[in-house]
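To keep things clear, I will list the structure first and then write my remarks on it.
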Amino acid sequence: MGLPAFLDDPPRLRRLLFSCATLRTLTRLHALLIVSSSDHHILSSVLATAYVRAGDLAAAESTVAAAPASPSSITAWNALLSAHNRGGSHDAALRVFRALPPAARPDSTTFTLALSACARLGDLAAGEVVRERAYGAGYRRDIFVCSSLLNLYAKWGAMGDAVKLFDQMPRRDRVTWSTMIAGFVNAGQPVEAIEMFRRMREDGLEGDEVVMVGILQACTTTGDVRMGGSVHGYLLRHCMPMDVVISTSLVDMYAKNGLFDVACRVFQLMAYRNDVSWAALISQFAQNGHADEALGLFREMQVSGVRPNSGAVVSALLACSDIGFLKLGKSMHGFILRRLELDCIVSTAVIDMYSKCGSLASAQTLFNRVSSRDLILWNAMIACCGTHGRGRDALALFKEMDGNKVTPDHATFASLLSALSHSGLVEEGKFWFDCMVNEYGIEPAEKHLVCIVDLLARSGLVEEANDLLTSMHTEPTIASLVALLSGCLNNKELELGESTAEKILELQPKDVGILALVSNLYAAAKNWDKVREVRKLMKDHGSKKVPGCSSIQIYGALHKFVMEDQSHPQHKQILQMVSKLDSEMRKRGYVPKTEFVYHDLEEGIKEQLLSRHRPSNLRVCGDCHDAIKLISEIADREIVVRDAKRFHHFKDGACSCGDCW
DNA sequence: GTAGGGTTAG
């Protein structure tokens with residue numbers, strides 16, 4: 001049987017290879033070429049490129065590798081490298097680059113592609129090897145090679161190297177400038193980024209969309225909304241195409257600086273919004289306590305047909321945590337399992353959501369299922385145990401983490417110490433604090449000091465706590481003094497208490513809760529002059545508190561209560577139940593602790609207020625704590641209460657957290 | 001067959 005005539009017609013064969021639509025026809029053609037006696041090696045580059053286009057990168061590689069290396073084969077190698085990069089297989093791209101036969105003579109494109117792979121991988125060392133080879137091959141002044149190298153440095157914080165290279169470059173174009181700008185933004189040097197932009201314009205170049213995105217990010221981090229706004233105006237004046245990315249940067253810039261109405265307006269005017277645009281706005285609402293708006297937007301996003309990405313889901317989970325919306329959070333967990341990848345970031349958010357919605361057990365279960373855990377995930381789980389009053393569990397996790405070769409950081413210790421402190425594990429707390437400083441070389445930050453002072457003072461070791469504070473190089477902060485004072489008050493160490501109170505007053509606190517604590521200390525010390533003085537301070541300077549809000553979720557519906565609020569449809573029935581519980585409690589010997597009311601009122605009125613009291617410092621107060629203990633017994637229910645910081649699990653007339661009041 | 005951009009976790 002004769003072979004098709006086109007096999008002896010190289011130009012026709014070339015055309016055929018290029019137009020091969022499917023991998024199957026291509027493989028068949030290749031087989032024919034091999035059986036034919038014609039010298040198909042001269043076509044191997046074309047064949048390999050065709051394989052790349054058909055998506056069979058392995059076939060492409062073996063084809064180009066089997067052919068004798070020639071300068072013309074480098075385009076096929078480049079096509080292969082480029083395809084690996086496009087598909088996200090940067091490791092494979094680097095492997096191909098390393099396997100390149102020297103006779104193939106890598107060119108500017110080859111080095112550019114290899115450097116791009118290094119930049120994606122963050123492999124600075126591999127980048128150095130590529131750079132040396134590129135320089136050796138005479139591409140020291142090639143603008144593409146230099147830009148790729150610059151990008152590698154800029155993306156991974158080697159701004160010193162980037163600046164050096166940038167200054168040596170024979171020529172700079174918009175891409176080189178914008179790479180430098182993005183690099184400075186990334187490295188947390190927004191001022192330098194803006195300075196670069198100024199120099200760029202001095203050089204006679206105008207910014208394009210990519211440059212302006214960098215500048216907007218710089219404005220976002222410096223908080224310079226004026227400049228951000230003028231960039232916005234510049235974009236409009238120069239009729240720059242407002243694409244998704246630049247509009248999203250604008251939304252982010254306005255929202256991150258608190259201008260939610262402007263951000264929403266820009267968002268509404270966008271011709272097209274993708275998942276990132278939605279996520280940008282949702283995250284800002286979620287992070288600034290506007291959980292309802294965040295969840296509303298999340299819903300709208302789904303209605304409009306955009307599938308939430310992990311960023312949007314993480315933010316929505318944060319909103320659920322914020323208002324304790326367990327049912328919605330659970331359904332998001334389900335959505336993630338069906339549609340998204342459960343990576344460390346998402347797992348952390350889900351675990352945090354379960355914990356903050358009161359379900360530590362669900363958080364634990366998920367944590368145990370996650371196979372690869374990063375530092376932040378461990379930290380989150382340790383923090384969860386701590387807030388639920390499980391100091392020993394937190395310590396066990398910490399030890400397990402250490403065994404898993406994850407090195408704890410300052411945040412780990414902050415959570416661990418806080419957990420130990422609230423569970424009354426004094427010896428352990430002291431031990432790990434020393435360990436943190438001496439073995440892990442972590443300089444105690446304010447949050448660590450507050451924890452350890454709290455731990456010591458809580459257990460009565462007020463002198464030791466005070467000595468620790470005075471031994472530090474820096475002046476004690478309000479928070480650490482408050483921790484000390486609170487310990488003094490609870491342990492009736494009034495002498496040290498009074499001097500601590502004095503120090504706190506010198507720092508002029510505005511927080512009503514802190515002033516109340518100071519006043520209580522003076523009252524305990526019977527220093528009535530001081531009590532009057534502090535009360536006056538509370539009246540004159542005390543910051544106006546946003547009224548505390550309590551909420552409860554029943555069958556997925558959220559019920560909210562604010563002080564004096566009577567808007568709930570079942571208000572009457574609720575009050576009836578409260579008074580029923582109240583009389584039942586009094587029968588069991590409940591006496592309201594009126595010292596927790598910070599207003600100057602008659603005793604009788606105080607009691608009335610207390611029975612529907614949300615604490616002004618957003619922590620469960622001692623009176624509520626006692627009351628809920630009794631209610632859990634009367635109603636024979638487990639009651640989980642979350643305040644601003646921690647959880648209280650009440651059951652059979654007791655609270656799981658050993659430390660509260 | 002070549003270089004640069006937006007959101008998200010303790």
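The numbers here are math on the coordinates, done by the rules we state, and not lab data. Since the model is a prediction, treat every value here as computed from it, not as a measurement. Here the Cβ is made from the backbone with ideal geometry for all residues, glycine too, and neighbour counts use every protein chain on show.
Below are the figures for this structure:
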{"quantity": "Global geometry of segment A:88-142, whether rounded, prolate or oblate, following the gyration tensor of its Cα atoms and the 1.5 cut on a/c", "calculated": "oblate"}
{"quantity": "Chain A - charge dipole about Cα centre, Lys and Arg +1 at Cβ, Asp and Glu -1, debye rounded to 20", "calculated": "2060 debye"}
{"quantity": "Span from the segment A:358-375 Cα centroid across to the segment A:233-259 one, whole angstrom", "calculated": "39 Å"}
{"quantity": "Helix A:344-356 vs. chain A, principal-axis angle (Cα, 0 to 90°, nearest 10)", "calculated": "20 degrees"}
{"quantity": "Cα centroid separation, segment A:456-483 to segment A:51-101 (Å)", "calculated": "64 Å"}
{"quantity": "Gain upon complete extension [A:Glu206, A:Arg140; 0.36 nm per residue less C-alpha separation]", "calculated": "21.1 nm"}
{"quantity": "Length-normalised contact order for segment A:1-121 - Cα pairs under 8 Å, 6+ apart - percent", "calculated": "19 percent"}
{"quantity": "Extension gain (nm, one decimal) between A:Gln168 and A:Gln553, 0.36 nm per residue minus Cα-Cα", "calculated": "132.3 nm"}
{"quantity": "Fewest-first ranking of A:Arg199, A:Arg458, A:Arg373, using other Cβ atoms within 10 Å as the exposure measure", "calculated": "A:Arg199, A:Arg373, A:Arg458"}
{"quantity": "Segment A:Leu121-A:Asn491, extension gain: residue separation times 0.36 nm, minus the distance between their alpha carbons", "calculated": "127.6 nm"}
{"quantity": "Förster radius 30 Å - calculated FRET efficiency between A:Lys587 and A:Glu564, Cβ distance, rounded to 0.05", "calculated": "0.60"}
{"quantity": "Label-point separation in nm, A:Met577 to A:Cys344, each point 7 Å along Cα→Cβ", "calculated": "4.4 nm"}
{"quantity": "Contact order relative to length of chain A, as percent, for alpha carbon pairs under 8 angstrom and 6 or more apart", "calculated": "5 percent"}
{"quantity": "Summed side-chain charge close to A:Ser632 - residues other than A:Ser632 whose Cβ falls under 13 Å, Lys, Arg +1, Asp, Glu -1", "calculated": "-2"}
{"quantity": "Formal net charge of residues neighbouring A:Phe197 (Cβ-Cβ distance under 11 Å; K, R +1; D, E -1)", "calculated": "-2"}
{"quantity": "Inter-site label distance for A:Val276 and A:Glu638 at 7 Å from Cα along Cβ, in nm", "calculated": "4.4 nm"}
{"quantity": "Segment A:194-209 and segment A:394-423: distance between their alpha carbon centers, rounded to Å", "calculated": "47 Å"}
{"quantity": "Cβ-based charge dipole, chain A, positive-most Cα from A:Leu32, A:Tyr354, A:Met212", "calculated": "A:Leu32"}
{"quantity": "At R0 = 56 Å, FRET efficiency that the Cβ-Cβ distance of A:Ser89 and A:Asp511 yields, to 0.05", "calculated": "0.55"}
{"quantity": "Pairs beyond 19 Å (Cα-Cα), from A:Lys629/A:Lys651; A:Lys447/A:Lys645; A:Lys447/A:Lys539; A:Lys503/A:Lys530", "calculated": "A:Lys447/A:Lys539"}
{"quantity": "Acute angle (nearest 10 degrees) that the helix A:512-524 long axis makes with the longest principal axis of chain A, alpha-carbon atoms", "calculated": "30 degrees"}
{"quantity": "Net charge of neighbours whose Cβ lies under 12 Å from the Cβ of A:Arg133, counting Lys and Arg as +1 and Asp and Glu as -1", "calculated": "+1"}
{"quantity": "Helix axis angle, A:528-541 relative to chain A longest principal axis, alpha carbon, degrees", "calculated": "40 degrees"}
{"quantity": "Cα shape, segment A:373-443, gyration tensor, a/c 1.5 rule", "calculated": "oblate"}
{"quantity": "Label-point gap, in nm, between A:Asn288 and A:Lys405 - each point 7 angstrom along Cα→Cβ", "calculated": "4.4 nm"}
{"quantity": "FRET E, pair A:Arg15, A:Arg98, Förster distance 45 Å, beta-carbon r, rounded to 0.05", "calculated": "0.85"}
{"quantity": "Shape of chain A, Cα gyration tensor, a/c cut at 1.5", "calculated": "prolate"}
